[in-house]
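Here's the structure we're looking at; comments come further down.
The values are calculated or read from the model by the stated rules, or taken from the named source; none is laboratory data. The structure presented is a predicted model; accordingly, all values stated were derived computationally and were not measured. Neighbour counts run over all protein chains shown; Cβ positions are idealised from the backbone, glycine included.
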Amino acid sequence: MGFFIGTIQSYIFIFLSVNSWSIYASTLICLASGYLITGGLHIDGLMDTFDGIFAGKKKRLKAMKDSKVGSFGVQSLFFITLIQIACILKIQNQIIIVLPICLFWGRFSNLFFIEKFKYRSYKKKSISHKQFWNGFKKESLISIVFLLIFIAYQFVSITSQAILIKFLFLILIGIFFSYSIPNILGNKIGGFNGDACGASVVLVETTMLFMNAILL
């Protein structure tokens with residue numbers, strides 16, 4: 001799903017930029033379209049998670065449950081948005097290749113998250129949250145097949161050996177951050193919940209955007 005959302009956002013960016021919109025306006029609308037498509041759920045989870053982390057261990061889950069956004073949540077939104085804008089401005093000519101795979105890694109990270117940790121929420125038990133979970137191997141099968149097809153396509157289409165090496169390195173980086181970021185969040189929170197999963201999506205996406213902007 002992340003790959004297709006990223007593709008839609010990329011085409012919105014390209015359509016605007018070739019129709020006399022400034023690169024800055026195209027970037028802002030590209031990001032805004034992502035929030036619109038997802039309903040802002042992931043960015044809301046990011047803010048709630050940062051509020052919870054900085055509220056302290058005893059108040060963490062309560063702060064995440066609170067509908068009010070605290071100062072740390074606002075700061076996280078501000079800094080993440082600035083980083084994403086800067087990255088898109090850097091990769092603008094390669095956005096159709098970069099943005100979809102970055103969003104793919106963001107969603108893929110939640111498979112590691114749910115597999116490794118138990119559900120945690122304020123005053124709620126985790127009885128039914130994994131009753132439809134079939135294990136990482138089965139749940140990730142479609143994503144892995146899709147990733148292999150994507151890698152095979154890049155092998156065929158990329159003619160420069162230097163770019164191919166960078167591409168393979170970015171795949172390894174994607175796997176690393178898709179595992180490490182939810183692992184850090186899970187250990188910090190003591191499990192996973194909807195907010196933490198949303199935070200993982202945004203943090204992995206942004207990290208991968210940043211890595212692509214540096215290497216490409």
Of all residues in segment 51-65, count the ones that are surrounded by fewer than 16 Cβ atoms within 10 Å (Cβ to Cβ), at negative phi and out of contact with any Phe, Trp or Tyr (no Cβ under 6 Å at 6 or more places or on another chain). 3
Hey, among the residues in segment 35-45 that are free of Cβ contacts under 8 Å to residues at least 60 places away in the same chain and in a helix (DSSP H, G or I), which one's surrounded by the fewest Cβ atoms within 10 Å (Cβ to Cβ)? Leu36
Checking Cys87 against (1) within 13 Å of the chain's Cα centre (by Cα); (2) within 30 Å of Phe155 (Cα to Cα), which single condition isn't satisfied? (1)
List every residue pair whose Cβ atoms sit under 7 Å apart, with the two residues 6 or more apart in sequence or on different chains, where the first one lies in segment 50-68 and is under 20 Å from Val202 (Cα atoms) and the second, anywhere, is assigned to a loop (DSSP other than H, G, I, E, B) and of a type in the set (Lys, Arg). Leu61/Arg120
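Please count how many residues of segment 170-207 are under 28 Å from Ala55 (Cβ atoms) and crowded, with 16+ Cβ neighbours inside 10 Å. Working first, answer last.
Going through segment 170-207, the residues under 28 Å from Ala55 (Cβ atoms) turn out to be 177-207.
Within this subset, residues satisfying the condition of being crowded, with 16+ Cβ neighbours inside 10 Å are 177-179, 181-183, 185-186, 189, 191-207.
Final tally of qualifying residues: 26.
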When segment 78-94 is examined, which residues are found to be at pLDDT 95 or above and among the aliphatic types (A, V, I, L, M)? Ile80, Leu82, Ile83, Ile85, Ala86, Ile88, Leu89
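Right, Gly6: under 17 Å from Arg107 (Cα atoms), among the small types (Gly, Ala, Ser) and surrounded by 21 or more Cβ atoms within 10 Å (Cβ to Cβ) or not? Let's see the steps before the verdict.
Numbers: under 17 Å from Arg107 (Cα atoms): yes; among the small types (Gly, Ala, Ser): yes; surrounded by 21 or more Cβ atoms within 10 Å (Cβ to Cβ): yes.
Yes: the conditions hold for Gly6.
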Elements of type helices (runs of 4 or more DSSP H) in segment 133-216, at least 2 residues being over 26 Å from Leu31 (Cβ atoms) and over 19 Å from the mean Cα position of the chain (by Cα): 136-139, 141-157, 161-189
Looking at segment 145-164 only, could you name the residues that are surrounded by 12 or more Cβ atoms within 10 Å (Cβ to Cβ) and either of a type in the set (A, V, I, L, M) or touching a residue at least 24 places away in the same chain (Cβ under 8 Å) (or both)? Phe146, Leu147, Phe150, Ile151, Ile158, Ile163, Leu164
